[in-house]
Structure formats: structure tokens, C-alpha cells
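Okay, structure first, notes after.
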Amino acid sequence: MLYPQPASAAILFTRYNLLSEITIKIQICEPPPTCPANLDDGCGSEDSEEWKGEFFPGIPKIKYEGPTSKNPLAYKWYNANEEILGKSMKDWMRFSIAFWHTFRGTGSDPFGAATKVWPWEDGTNSLAMAKRRMRANFEFLEKLGVDRWCFHDRDIAPDGKTLEESNANLDEIVALAKELQGTNIRPLWGTAQLFLHPRYMHGGATSPEIGVYAYAAAQVKKAMEVGYTLSRGENYVFWGGREGYQTLLNTDMERELDHMARFFEAAVAYKKKIGFNGTFLIEPKPQEPTKHQYDWDAATAANFLRKYGLIGEFKLNIECNHATLSGHSCHHELETARINGLLGNIDANTGDPQIGWDTDQFLMDVNEATLVMLSVIRNGGLSPGGFNFDAKLRRESTDVEDLFIAHIAGMDTLARGLRNAQKLIEDGSLDELVRKRYHSFDSELGAQIEAGKADFELLEKKAMEWGEPKVPSGKQELAEMIFQSAM
């Protein structure tokens, strides 16, 4: 996940870009539509808090119209209450909107200024503006028919001059969110944003500076409390964007890993203290912004949890774009997490195969979505996790309508993947092909091997008795043919 810095209202401003950590100066042609980004000039007064009118005028509540519909503002494949393999589509998916991309994304990149200023934005990062965005968030959820959302603490409320001020800002926004969400909407998960502020340039839980470690702990503590307040703590995510290193020449990697484990242990202890019964999730990523991130992929994260005795306290939030950055497919990462009992949530996005960074695009590939849903079905679902659209509009997509179109397309793609996975499971041909491939182990000796009761002496005896084994075809092309037949 990348956290986009909101566009400044000043004519000339400085942007800290997460990809390259370089400073870019950008010339803005026109000032924002209302007041400047100055927290002391009265923009945050009560007079400017309320947005007058609808945030998304002309956008109806999105409904299911079926595969033949040509309406871009309608679902073609996602029919929330339709039952698939014993569950409603809504329960299989548990869709969630990412607040940071949807309401803080500006379209800026390392080479260009922001391209999006939504009509309700006034160019500030004031509390009043934060409240306005929160109201927009809930209108968006309501019209889209989605009842979950995800956030970083600093997405939804401005950083203060002190930790106390930051906490007070967050409390004020959370009180509004709790009022707006009612009983039907809640966060899928929340998290603390421990990577944008310069204090976290060496990491949070792995910083060599003890003051930063303590500050990060305090910020996570508060974010956990917020999650508990809003959802009774369904899930909480740890994404360690700067928990890694740029070079080992100045890094004590063993000590940093030990510190990170102690940090997680303290988080688990506090979770239990406050009655937070949700799932802790680690989100693997190999690099960016650090050269090497400690939770590189699902296998690395699983090994870390086992080494430090945390395997029963955490699951994994698998992001498809992070999977490809680590040299794996999303399906591989999901299966690695699943067979280790660690698949807890999915950040539904994808990357561009021609671009070597975290582009956070909406997943539109039906083949990949089908593979994803096969893993989810084998996992028995994701609850209390779900699918979070950690995805952003392309820089060139600048209409408010595009926010809806992107999410509709992403939801439809995964729904189509679910329908395809159902076809494959009910047909049974692919499962039968896999079963036949391993049928030699469906024998007395195979059972002994799988039970750990076949020693080398027994296996040597069998090898001499049977002679040269006959190795059957893997039937890969047939497997691919069967898979494609469901598309």
C-alpha cells in the first residue's frame, strides 16, 4: 500500500514521495477552490465543516443488472445476496474500500503534480476537511452497497504538533465516523501509518532510535483503541513499509528483528488487555520504500512468526501486487498463507507486468481472480477478514464517476472469479486430475510416508523390489485447458 500525500494549496509546495524519497518541487497553475493550507487561518472553523449538498450528485445507488447490462454504474457479476457454494456472494467477499486511495489519492507520481482535486476538497488538511472527507466516505459506501472500509490513522485525521494533539484530532474524527457508520457499516481493519513522517525514516519497530520505537508503540496503541471503538476490533494490520534496511553495512539485522518481535509481543499483550478479539494481520512486501523489507513474502513472514512464537497470534494480509514484486504469483502467496493456516485477508489489487513497482491497480484479470477465489474457497472464506480494495485510480482518471467505475469493475472481476471457481469445483475435472497425479501415495506405503512412519531402510527395500519407476505425464496442458474452459 502506498499512502499518497494530500495536495498542498500553496502555489509552490514540497512533496515527499514514498517511492524514491526524493523531494520534488511542483508549480501549481491555480490555487485550490477555497482556502489555503494554513491551519491557523480559520479554515478549520465550524463555518467550513459542513459540505453543502451531496458529494456524489447524479450517482445512483449501484444495483445488480446482470452480465448483459451496458450500464457502467451497475454490477454485472456481483449479486450480493446470490448464494454460491453455500454462502452469499457478500459473505464470500466482505468487500472493503481503502480510505487512503479513494479519498486521499491525488494522482501525483515521482514525475508530476496532482491531477485530482475532488469537488469537496478545500486544499487543507484541517479537522474540518477531515470531517468532510469522512462524510464523503460514508456516502460512497452507501451508494456502492459496501459495508466495510479500511484506514490508516493519519489518513482520516491530521497529524498534530504533539502526540497528544494527534490523538485528540483522531478522537474527534472517530467520534464522527462512529456516528455515521450506525450499525451496518464498520471498518474491516485499521492500522497506524508508520512510514510517511520523517521520524520513521529508519522504521518504527526496527528504528535504531529508542524514542522512535516508543513513539511508534504509542501510535499503534492508539490505532488499536480506535479500531476497537469502531468495530470492536475485527482486524488490525501491520504493514512495515520501513521495517527493513537499505544496506547491511550499518544494520544489525538480528537486533532489529528481535526488536520487531518484542514490539509485536507488546501489541498482543495490549490487545488482550483491552479485549480486542480481532485478528492481527501482517502484510508482506519485499521492498519499496526500503531495499529489503523484513516481511518479504508469506513464507518469510510465517518463518518470523514461528521463530518468535507468534504463529498463533497473527495471520497474513496478502496483497497481490506485493506478491508479484517478490517474484511470486498472487495465487502462490495465497496458497502459501493458506496451507500454513495464515490466510486472513486479501488486499485486492494488481501491478503492471511492465512496471517494477507497486502500482496498486484495480484487479481486472478474470483468470487471476478465479485463482484467487479458488484459494479463498479452499480456505473456507476470509471472515473476519475480507477483500480490501487497496487500489487507486490511474493518474489520468480524474472524474468523480471513475471512483465508482473502478470499484464496480474490481468487485465484478472477483465475483466473476467466484462464479468460475464454482464451475471448476462442481465440474471436478481439475480436482480429479490433481488427485490422479498423486494416486501412488493412496497406498499402504503412501499412508506410512505421510504419517512419518516410513524409514529409509523400508524405502530402500521398496526401491529395490520395484526397480526403475515409471513416471507419468504431468498433464499441465490439460490442466490449463480445463481451467480455461471455466472462463
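The values are calculated or read from the model by the stated rules, or taken from the named source; none is laboratory data. Remember, it's a predicted structure, so these values are computed and weren't measured experimentally. Cβ sites come from the backbone with ideal geometry, for glycine too, and all protein chains shown count toward neighbours.
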**Q.** Where a residue in segment 132-161 is in contact (Cβ under 8 Å) with a residue 60 or more places away in the chain and assigned to a helix (DSSP H, G or I) and its partner, wherever it lies, is among the aliphatic types (A, V, I, L, M) and surrounded by fewer than 19 Cβ atoms within 10 Å (Cβ to Cβ), with Cβ under 7 Å and at least six apart
**A.** Arg135/Leu180; Lys143/Ile59
Q: Return the residue satisfying two criteria in turn: it lies in segment 366-407 and is of a type in the set (Val, Ile, Thr), in contact with a helix residue (DSSP H, G or I) (Cβ under 6 Å, 6 or more places away or on another chain) and surrounded by fewer than 22 Cβ atoms within 10 Å (Cβ to Cβ), and of such residues it is farthest from Phe483 (Cα to Cα).
A: Ile377
**Q.** Subset of segment 346-377 that is touching a Lys or Arg at 6+ places or on another chain (Cβ under 6 Å) and not polar (S, T, N, Q) - its residue that is farthest from Thr279 (Cα to Cα)
**A.** Val366
Q) Of all the residues that make up segment 302-318, how many are without any contact (Cβ under 8 Å) to a residue 40 or more places away in the chain and buried (at least 21 other Cβ atoms within 10 Å of the Cβ)? A) 3
Q.
Condition (residue is within 21 Å of Pro187 (Cα to Cα) and either in a loop (DSSP other than H, G, I, E, B) or over 19 Å from the mean Cα position of the chain (by Cα) (or both)) applied to segment 95-104: is it met by at least one residue?
A. no
Q) Mind checking which residues of segment 83-94 are hydrophobic (A, V, I, L, M, F, W, C) and either touching a Phe, Trp or Tyr at 6+ places or on another chain (Cβ under 7 Å) or part of a loop (DSSP other than H, G, I, E, B) (or both)? A) Ile84, Leu85, Met89, Met93
Q. For segment 448-472, which residues satisfy the criterion of being of a type in the set (A, V, I, L, M) and out of contact with any helix residue (DSSP H, G or I) (no Cβ under 9 Å at 6 or more places or on another chain)?
A. Ala451, Ala463, Met464, Val471
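Listed here are the residues, each with its yes/no results for (1) of a type in the set (Phe, Trp, Tyr); (2) in a strand (DSSP E or B); (3) more than 20 Å from the chain's Cα centre (by Cα); (4) crowded, with 19+ Cβ neighbours inside 10 Å.
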{"site": "Phe195", "(1), (2), (3), (4)": "yes, no, no, yes"}
{"site": "Val212", "(1), (2), (3), (4)": "no, no, yes, yes"}
{"site": "Lys222", "(1), (2), (3), (4)": "no, no, yes, no"}
{"site": "Glu256", "(1), (2), (3), (4)": "no, no, yes, yes"}
{"site": "Phe263", "(1), (2), (3), (4)": "yes, no, yes, yes"}
{"site": "Tyr270", "(1), (2), (3), (4)": "yes, no, yes, no"}
{"site": "Pro284", "(1), (2), (3), (4)": "no, no, no, yes"}
{"site": "Gln287", "(1), (2), (3), (4)": "no, no, no, no"}
{"site": "Trp296", "(1), (2), (3), (4)": "yes, no, no, yes"}
(Q) Show the residue pairs meeting these rules: Cβ distance below 7 Å; 6+ apart or different chains; first residue within segment 419-434 and over 11 Å from Ile377 (Cβ atoms); second residue among the charged types (D, E, K, R) and surrounded by 13 or more Cβ atoms within 10 Å (Cβ to Cβ). (A) Leu433/Lys475
Q) If the Cβ limit is 8 Å and pairs must be 6+ apart or interchain, which residue in segment 243-267 that is over 11 Å from His202 (Cβ atoms) and free of Cβ contacts under 8 Å to residues at least 60 places away in the same chain pairs with which residue that is surrounded by 14 or more Cβ atoms within 10 Å (Cβ to Cβ) and among the polar types (S, T, N, Q)? A) Leu257/Thr206; His259/Thr206; Met260/Thr206
Q. Taking segment 338-363 as the region of interest, how many residues are at pLDDT 95 or above and over 16 Å from the mean Cα position of the chain (by Cα)?
A. 4
Q. Can you tell me which residues in segment 170-184 are over 19 Å from Gln219 (Cα atoms) and without any contact (Cβ under 8 Å) to a residue 12 or more places away in the chain?
A. Glu179, Gly182, Thr183
Q | Near pairs, Cβ below 8 angstrom, 6+ apart or cross-chain, from segment 97-115 (assigned by TED's automatic domain parsing to the domain that holds Asp155 and without any contact (Cβ under 8 Å) to a residue 60 or more places away in the chain) to any residue that is in a strand (DSSP E or B) and buried (at least 18 other Cβ atoms within 10 Å of the Cβ) | A | Phe99/Trp149; Phe99/Cys150; Phe99/Phe151; Phe99/His152
Q. Out of curiosity, is Ala157 surrounded by 20 or more Cβ atoms within 10 Å (Cβ to Cβ) and at pLDDT 95 or above?
A. yes
Q: Would you mention how many residues in segment 325-361 are over 17 Å from Ile282 (Cβ atoms), of a type in the set (A, V, I, L, M, F, W, C) and crowded, with 23+ Cβ neighbours inside 10 Å?
A: 1
